[in-house]
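Enquirer: Quick one: this structure, given as structure tokens, is what I'll be asking you about.
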Amino acid sequence: MVVVNLLETVIDLDAIATNTRILKNLVQPAQLMCVVKADGYNHGAIPVARTVLANGADQLGVATLAEALELREAGITAPILCWIWSPEQDFAAALDANIHLAVVSMAHAQAIVKYAAGKPEKLVQTTIKIDTGLHRSGVDESQWEAVFTLLKDAGTATGNIEVTGVMSHLACADEPGNPANDTQAAAFNRAIALGRKLGLELPVNHLSNSPAVLTRPDFYHEMVRPGLAVYGYSPLADGNDYGLQPAMSWVGKVTVVKPIEPGEGTSYNLTWRAAKPGYLAVIPAGYADGLPRRAQNHVEVTIGGHRYPQVGRICMDQFVIDLGDNPHNVRPGDEAIIFGPGGMSATELASRIQDINYAVICAPTGRTVRRYLGGQHA
Ligand SMILES: Cc1ncc(COP(=O)(O)O)c(C=O)c1O
């Protein structure tokens, strides 16, 4: 039996390759760390990692230990930095696999020092993630000196700890005019100066996420850390796409086309009723697949280059669109783009449902099957 997927994310790896090259050109001579956390922003971490590394990325960034180890297990040998872990986890397995773990607190620094002391033959590379104003994770400024000193002294004693740099994360980079950006950048510079004064070399420091990469070359330091831009989107409200190409399309195949008479309703609670005779079509994507129920009345799918509004309740597994008189003869099996190139962009859908494009591209799940175009997806 031929397997026909009714709901797919189609991932264009050539778009990811193009975006990587654009970012690399923009930031050089700074290095490029591409962020592939959350399964490569839902594009598939392994194929994305291979694609970005083949197109100029120097390093990979992930959130969790499992994400880091998945890349190593796939045979990816490039430097990988992981910044969400707990000393209670089996972080030794990640260090054994040469994953760079970010130190986000004194407890994390102590855990790394203890591991390094027990493995004198192993070089342990780490980055200190400092808080410069986001007040999320990261070493608080009151602890900078203590953490820097601990790692410096332990490194001198054992000879196998290398602090490759400091990193920090911006709170408001998607608002380029927000003074918090400069305040954080100044704190970042203070931390580098303090670390160097205490004897750390800190050769590779990084602060910039996608919006800072696109708007603040003065924040580049020795490396940048974009995620969203790699996948083809900007989080800025300036309407500029910076030449980036969205890589994901979410596509459902029409399962049913049926007539409806004036006054008849569709989907749960019959919240929409036909004003005139026409046709409806059913798309097999629902809230179990990541299309939020609150998106009701905000989605327009594109079939054969024509847009059709979603009507009535979004259900668990499907939703309904209004074809009007069906002038373009939509039929079962036709592809309906829910968002992505050729249809409504993830950014447009996000603004219609008061969300952000990050969340829209991370949403497709459930029965959605991923399919790749181009690139290196072996
Ligand atoms: C620490 C860190 N660096 C970089 C990124 C990439 O951010 P963006 O997708 O905005 O480029 C993230 C994502 O949230 C992050 O948490």
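The values are calculated or read from the model by the stated rules, or taken from the named source; none is laboratory data. Treat the numbers as computed from the prediction; the structure is a model and nothing was measured. Glycine also receives a Cβ, built like all others from the backbone with ideal geometry; neighbour counts cover every protein chain displayed. What goes into the accessible areas is simple: the full protein's heavy atoms, side chains included, and nothing from ligands, DNA or RNA. Shrake-Rupley method; radii C 1.70, N 1.55, O 1.52, S 1.80 Å.
Enquirer: Nearest-5 percent of antiparallel DSSP beta bridges in the chain?
Expert: Of all bridge pairs located within the chain, approximately 50 percent are antiparallel.
Enquirer: List the residues whose amide H sits under 5 Å from the amide H of G286, counting only those 5 or more places along or on another chain, with H placed 1.01 Å from N in the peptide plane.
Expert: L291, Q318
Enquirer: Express the carbon and sulfur contribution to the solvent-accessible surface of the chain as a percent, rounded to the nearest whole number, probe 1.4 angstrom.
Expert: The value for the chain is 53 percent carbon and sulfur by accessible area.
Enquirer: For region 62-77, just list the computed ³J(HN,Hα) in residue order, Karplus coefficients 6.51, -1.76 and 1.60, θ = phi - 60°, integers in Hz, with x standing in for Gly and Pro.
Expert: 9, 7, 9, 4, 4, 5, 5, 5, 4, 5, 4, 5, 7, x, 7, 9
Enquirer: Further question on the same structure: Under the rule of -39500 (n - 2.57) per DSSP H run of 4 or more residues, summed and divided by the residues of the chain, what mean residue ellipticity at 222 nm is obtained, to the nearest 500 deg cm²/dmol? Don't skip to the end; give the middle numbers.
Expert: Details: 11 runs with 114 residues, N = 378.
It lands at -9000 deg cm²/dmol.
Enquirer: Treat each spin label as a single point 7 Å out from the Cα along the C-beta direction, and report the E264 to R293 distance in nm.
Expert: 2.5
Enquirer: Another one. Cut-off under 21 Å on the C-alpha distance; same-chain residues fewer than 8 positions from K119 excluded. Which lysines are left, in chain and number order?
Expert: Filter leaves K152.
Enquirer: So for region 234-378, averaging the separation of alpha carbon pairs under 8 Å that are six or more residues apart and normalising by length, what relative contact order in percent results?
Expert: 26
Enquirer: Which residues' amide hydrogens lie under 5 Å from the amide hydrogen of T266, considering only partners 5 or more residues apart or on another chain, with H built in the peptide plane?
Expert: HN-HN under 5 Å from T266: T271, W272.
Enquirer: Further question on the same structure: Accessible area per residue of region 164-307 at 1.4 Å probe, in Å²?
Expert: For region 164-307, the solvent-accessible area averages 41 Å² per residue.
Enquirer: Report, in listed order, any pair from K37/K122; K37/K197; K122/K197 with a Cα-Cα distance greater than 30 Å.
Expert: Working: K37/K122 26 Å; K37/K197 33 Å; K122/K197 26 Å.
Among K37/K122; K37/K197; K122/K197, the Cα-Cα distance tops 30 Å for K37/K197.
Enquirer: Separate question: If the cut-off is a Cα-Cα distance under 12 Å, which aspartates and glutamates reach K24, setting aside same-chain residues fewer than 8 apart in sequence?
Expert: Leaving aside aspartates and glutamates fewer than 8 places away in the same chain, those within reach of K24 are D58.
Enquirer: Return the sequence-ordered ³J(HN,Hα) values of region 310-323 in whole Hz as given by the Karplus equation 6.51 cos²θ - 1.76 cosθ + 1.60 applied to θ = phi - 60°, using x for Gly and Pro.
Expert: Result, ordered by residue: 6, 10, x, 5, 7, 9, 5, 10, 7, 9, 10, 10, 9, 8 Hz.
Enquirer: Provide the net charge surrounding D289, with neighbours chosen by a C-beta distance below 14 Å and charges set as Lys +1, Arg +1, Asp -1, Glu -1.
Expert: In short, +2.
Enquirer: Under 8 Å for C-alpha pairs, at least 6 residues apart: give me the relative contact order for region 116-239, rounded to a whole percent.
Expert: Answer for region 116-239 is 23 percent.
Enquirer: Right, another one. Residue separation times 0.36 nm, minus the C-alpha to C-alpha distance between Q354 and A193: what's the value?
Expert: Full extension from Q354 to A193 adds 53.9 nm.
Enquirer: Return the aspartates and glutamates within reach of K129: Cα separation strictly under 17 angstrom, same-chain partners fewer than 8 residues apart disregarded; answer none if there are no such residues.
Expert: D140, E141, E145, E162, E201, E222
Enquirer: With θ set to phi - 60°, apply the Karplus curve 6.51 cos²θ - 1.76 cosθ + 1.60 along region 80-93 and write out the HN-Hα couplings as whole Hz, x wherever there is a Gly or Pro.
Expert: With coefficients 6.51, -1.76 and 1.60, one gets 10, 10, 10, 10, 10, 7, 10, x, 7, 7, 7, 6, 4, 4 Hz.
Enquirer: For the chain, with a Gaussian network of springs between Cα atoms less than 10 Å apart, report the residue from N160, N329, N19 with the top mean-square fluctuation.
Expert: Result: N329 has the largest fluctuation of those listed.
Enquirer: In addition: If you take the alpha carbon radius of gyration of the chain and divide it by 2.2 N^0.38 Å, what ratio comes out, to two decimals?
Expert: 1.14
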